[in-house]
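The values are calculated or read from the model by the stated rules, or taken from the named source; none is laboratory data. From a predicted model like this one, the values you see are computed outputs, not experimental measurements. All Cβ positions, glycine included, derive from the backbone under ideal geometry; neighbour counts span all protein chains shown. Ligands, DNA and RNA are stripped out before the accessible areas are found, and what is left, the full protein with its side chains, is counted by its heavy atoms. Shrake-Rupley method; radii C 1.70, N 1.55, O 1.52, S 1.80 Å.
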Amino acid sequence: FFFNDTATTEIYTQAFVGSVRCVQETDPRDPIAEYQKESIPGAQYFDIDAIADTSIPYPHMMPSNEVFIANMKKMNIRKNDLIVCYDHLGVFSSPRVWFTFTIYGATNVRVLNGGLPAWKKRGNIVEKNGATAKSRQNLDQDTADAYNYSIDKNKIADISFIHKIAPKIVKKELKHCIIDARSADRWAAKVEEPRPGLRKGCVPGSINIFFKEFLSAEGTTMKTVKEIKELADKKGVDINNPITAYCGSGLSACIPLFGLHRIGAKKLSLYDGSWAEYGAVPEPKWNLQNLNKLN
C-alpha cells in the first residue's frame with residue numbers, strides 16, 4: 001500500500017499525483033504555490049475541489065464518471081498505471097486521493113508514506129513548476145479502455161443511507177460501524193464547528209476515532225499495521241463488518257479508511273457529505289429512547 005523506496009527511472013514513467021488542493025478550514029497554506037515551488041519529478045497537481053461534482057453545495061464531492069475520466073485523460077493517468085499519491089504535510093490529503101482512484105477502479109494505487117517531507121529527507125530530488133508533469137500531459141492518448149474508470153457507488157454513502165442505518169446501529173439491530181474522524185471535542189459537541197451555520201454533535205451510533213490516532217507520534221506517517229490493529233481492537237472496530245467513515249468534509253475520514261484497509265477491512269465506504277452536509281440538514285425525529293446522549 002505504501003511506496004517507501006527511493007525513486008527509480010521506472011517510477012518516473014508512471015503517475016505521481018500530489019499536493020492536493022484541499023486544506024483545513026483555518027489553514028493559510030497555498031497548495032498550488034507549494035506544488036510550483038517543489039514537487040516530486042513527474043508529479044501532477046490533483047485538485048479535489050476541481051475534480052469534483054461542483055453542482056452540490058458541499059466541499060469536494062466525488063465527481064461523475066464523465067468528469068473524472070475527462071480529467072484523467074487530460075492528466076494522462078490510465079487505470080492500470082502505478083499511481084502514487086502524496087501531499088506536502090506527510091499523510092493528510094493523500095489518502096483521499098488514494099480512495100478516489102480506488103473507488104473509480106484504478107488497479108494499483110499507493111500512498112507515499114510521509115509525503116514530500118519524507119521524500120526530501122531521503123535525499124531525493126524535487127523539481128519546480130511541475131516541469132516533468134507537463135511533458136506527461138503531452139503524451140499521445142491511449143485507447144479508450146485505458147481510461148475506463150467507473151465509480152463503485154457502494155463505496156460512497158449519502159445522507160439518506162446514514163439516516164437509514166444510524167437508528168438501527170443505536171438500537172443494536174445492525175452491525176455496521178460509523179467512524180467519526182473529527183476531534184473528540186467536535187464529536188462530543190463540546191466545541192463549535194469551524195464551518196459557520198453547522199450544528200454541533202455527531203451521527204447517532206457513531207464512534208469517535210480522531211484521524212490523528214492512525215498517525216505516528218510525529219504526525220506525518222501512518223502507524224504500523226500492528227499499531228492499527230491494536231487501535232481497532234481498542235475502539236471495538238470489527239473489520240469484518242461494514243465500516244463507514246466521515247469527518248468535516250470527507251477528507252481526513254479517508255485516513256482511517258486507508259488504515260483499516262491496510263489491516264484487511266474490505267467493506268469500507270465514505271460518507272462524502274460528512275458533517276458539512278449532516279450538520280446543515282435537519283435530523284429525522286427518531287425515537288431513540290435517549291440511547292445516544294450526544295444528539
> Of all the accessible heavy-atom surface of the stretch 178-295, with the other protein chains kept in place and a 1.4 Å probe, what percent is carbon and sulfur?
Replying inline: 52
> Given labels modelled 7 Å from the Cα in the Cβ direction, how far is it in nm from Ile207 to Asn129?
Replying inline: 5.1
> Amide H to amide H, which residues 5 or more places from Asn148 or on other chains are under 5 Å from it, using H placed in the peptide plane?
Replying inline: Lys79
>> Once ligands and nucleic acids are excluded and a 1.4 Å probe is used, how much of Ser183 is accessible, expressed in Å² to the nearest 10?
In response: 30
> Which loop-located GluC sites (Glu not before Pro) does the stretch 195-295 contain, where loop means any DSSP state but H, G, I, E or B and the Cβ has at most 14 other Cβ atoms within 10 Å?
Replying inline: Glu218
> Using the Karplus equation 6.51 cos²θ - 1.76 cosθ + 1.60 (θ = phi - 60°), what ³J(HN,Hα) coupling, rounded to whole Hz, does each residue of the stretch 176-184 give in order, writing x for Gly and Pro?
Replying inline: 8, 9, 9, 9, 9, 8, 6, 5, 4
> Once the piece of chain linking Glu192 and Lys285 is laid out straight, how much longer is it, given 0.36 nm per residue of separation minus the C-alpha distance between them?
Replying inline: 31.2 nm
> When only the heavy atoms of the protein chains count and the probe is 1.4 Å, how do Tyr35, Tyr271, Tyr45 rank by accessible area, highest first?
Replying inline: Tyr45, Tyr35, Tyr271
>> Using a 1.4 angstrom probe on the protein heavy atoms only, could you order Thr143, Thr221, Thr100 from most to least accessible area?
In response: Thr143, Thr221, Thr100
>> Apply the Karplus curve 6.51 cos²θ - 1.76 cosθ + 1.60, θ = phi - 60°, to the phi angles in the stretch 216-223 and return the couplings in whole Hz, x for Gly and Pro.
In response: 5, 4, 7, x, 10, 10, 6, 5
> Under a 1.4 angstrom probe, counting protein chains only, how are Glu34, Glu66 ranked by accessible area, largest first?
Replying inline: Glu66, Glu34
>> For a quick check of understanding: with a 1.4 angstrom probe and all protein chains in place, what accessible area in square angstrom does Asp233 have, to the nearest ten?
In response: 120
> Which far-off residues, 5 or more places away or on another chain, put their amide H under 5 Å from the one on Gln44, with H placed in the peptide plane?
Replying inline: Phe16, Val17, Gly18
> Considering only protein heavy atoms, what is the solvent-accessible area of Lys190 at a probe of 1.4 Å, reported in Å² to the nearest 10?
Replying inline: 150
